[in-house]
Amino acid sequence: MTDPRSESGIRLQKVLAQAGIGSRRACEELIEQGRVSVDGNVVRGQGLRVDPETAAIHVDGERVPTAADTVVMVLNKPRGVLTTMHDDLGRPCVGDYVAGRNERLFHVGRLDADTEGLLLLTNDGLLSQHITHPSHGVAKTYLATVPGPIARDVGRRLKAGIMIDDRVTSVDSFAVVQALPGSALVEITLHEGRHHIVKRMMESVGHPVERLVRTRVGPVLLDQQRPGSIRVLSGPVLRALYTDAGL
């Protein structure tokens, strides 16, 4: 936090307004009501100056990203696209979809070449670390097509935990979305992020994955976003993502 008497930094209400929280006057009211904190300290007086590049600012407990030029994007990764920003062999990769942008972007975690769906891209390294590390508990949800029918105890077994690489790994939730002759569509939510973890868990209970789509990371949903399309996160969803990641 910066001393209110200092000429360095930017006034807190201006930083909040620039981050889209509201008008400057509305942001001043939030400060007066004790709903704003900077670096863990509640601010109640006007005039505090902060460095938006380094300050951790929260409103009602929700993180407000304020660093300039920070970008978080959602790519609906198509099947067959490699999760890398550049491929020396010229194969399709996620970097192809952001080749025209000026930011130095990188992917948050990985999706296998044959796995589709929600992949975050950002230039915020700390956000990426928090989302990918299981200790922060950011949930990821997948839809998997597997051979059916699904036995009644499959969900219970997955929630109780499966031994993978000498470590017990469990799902947060499991549900059969659709049952078809010979196959089933299941929804799996977990915060584990190890390589092939969903495929390995489903194979261990006798249902090898035939198709896998990631539909959610924390509060960010894929919804009806077209394969190969990109959208930039902003507003409440972006703030919720930072908060969910523990920032």
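Does residue 204 meet the test of being assigned by TED's automatic domain parsing to the domain that holds residue 77, surrounded by fewer than 17 Cβ atoms within 10 Å (Cβ to Cβ) and within 25 Å of residue 113 (Cβ to Cβ)?
no
Taking the criterion of being assigned by TED's automatic domain parsing to the domain that holds residue 228, out of contact with any helix residue (DSSP H, G or I) (no Cβ under 6 Å at 6 or more places or on another chain), under 27 Å from residue 233 (Cα atoms) and among the basic types (Lys, Arg), would at least one residue in segment 110-127 satisfy it?
Yes, segment 110-127 contains at least one residue that is assigned by TED's automatic domain parsing to the domain that holds residue 228, out of contact with any helix residue (DSSP H, G or I) (no Cβ under 6 Å at 6 or more places or on another chain), under 27 Å from residue 233 (Cα atoms) and among the basic types (Lys, Arg).
Checking residue 76 against (1) in contact with an Asp or Glu (Cβ under 7 Å, 6 or more places away or on another chain); (2) in the same structural domain as residue 228 (by TED's automatic domain parsing); (3) buried (at least 20 other Cβ atoms within 10 Å of the Cβ), which single condition isn't satisfied?
Residue 76 satisfies every listed condition except (1).
For segment 112-155, enumerate the residues that are of a type in the set (A, V, I, L, M, F, W, C) and either assigned to a strand (DSSP E or B) or under 11 Å from the mean Cα position of the chain (by Cα) (or both).
The initial filter retains those residues of segment 112-155 that are of a type in the set (A, V, I, L, M, F, W, C), namely 113, 118-121, 126-127, 131, 138-139, 143-144, 146, 150-151, 154.
Result: 118, 119, 120, 121, 127, 131, 138, 139, 143, 144, 146.
Across segment 82-109, which residue is surrounded by the fewest Cβ atoms within 10 Å (Cβ to Cβ) among those that are of a type in the set (Val, Ile, Thr) and either in the same structural domain as residue 211 (by TED's automatic domain parsing) or free of Cβ contacts under 8 Å to residues at least 40 places away in the same chain (or both)?
Out of the qualifying residues, it is 84.
Sort through 109, 90, 100, 80 and tell me the only one that's closer than 21 Å to residue 201 by Cα and either outside any helix (DSSP H, G or I) or not hydrophobic (A, V, I, L, M, F, W, C) (or both).
Unique residue meeting the criteria: 109.
Picking from 182, 137, which residue would you name as being surrounded by fewer than 19 Cβ atoms within 10 Å (Cβ to Cβ) and in contact with a Pro (Cβ under 9 Å, 6 or more places away or on another chain)?
Numbers: 137 fails: in contact with a Pro (Cβ under 9 Å, 6 or more places away or on another chain).
Result of the check over 182, 137: 182.
Would you mind stating whether residue 63 is outside any helix (DSSP H, G or I), touching a residue at least 24 places away in the same chain (Cβ under 8 Å) and surrounded by fewer than 17 Cβ atoms within 10 Å (Cβ to Cβ)?
So residue 63 fails the test.
The values are calculated or read from the model by the stated rules, or taken from the named source; none is laboratory data. Predicted, not measured: the structure shown is a model, and the values here were computed from it. Don't worry about glycine lacking a Cβ; one is built from the backbone with ideal geometry, like all the others, and counts go over all protein chains shown.
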